[in-house]
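All remarks here apply to the structure that follows.
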Amino acid sequence: MTEPAAVRCTGLSHSFGATRAVDGVDLEIHPGEVFGLLGPNGAGKTTTLRMITTLLPATPDRISVFGIDVARAGWPCGG
């Protein structure tokens with residue numbers, strides 16, 4: 001059996017009013033991988049991490065952590 005990705009995100013987007021902070025991010029990180037999120041100020045790095053950790057809602061809600069759908073897990077911004 002294949003181990004699920006540690007983090008999997010598909011088409012993540014988030015807006016603050018009319019400002020689109022994150023637009024269509026696809027990301028997959030496997031257990032044991034070292035991952036860095038790089039970009040200039042205002043690129044959406046912190047917003048992306050806040051969606052993954054459920055501190056901000058993601059649109060659409062397509063985030064899983066070790067195979068658990070965070071939107072339905074009942075975590076802070078999920079289900």
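No lab work stands behind these numbers, since they all come straight from the coordinates. Being a predicted model, the structure only gives us computed values, none of them experimental. Counting neighbours? That spans all protein chains shown, and the Cβs are built from the backbone with ideal geometry, glycine included.
Going through region 16-51 one residue at a time, which ones are in a strand (DSSP E or B), over 21 Å from Asp69 (Cα atoms) and in contact with a Ser or Thr (Cβ under 9 Å, 6 or more places away or on another chain)? Across region 16-51, the qualifying residues are Phe16, Arg20, Ala21. Among the residues of region 58-75, those identified as surrounded by 14 or more Cβ atoms within 10 Å (Cβ to Cβ) and touching a strand residue (DSSP E or B) at 6+ places or on another chain (Cβ under 8 Å) are Ala58, Asp61, Arg62, Ile63, Ser64, Val65, Asp69, Val70, Ala71. For region 2-38, what are the residues that are on the phi > 0 side of the Ramachandran plot and exposed (fewer than 10 other Cβ atoms within 10 Å of the Cβ)? Scanning region 2-38 gives Gly17, Gly24, Gly32.
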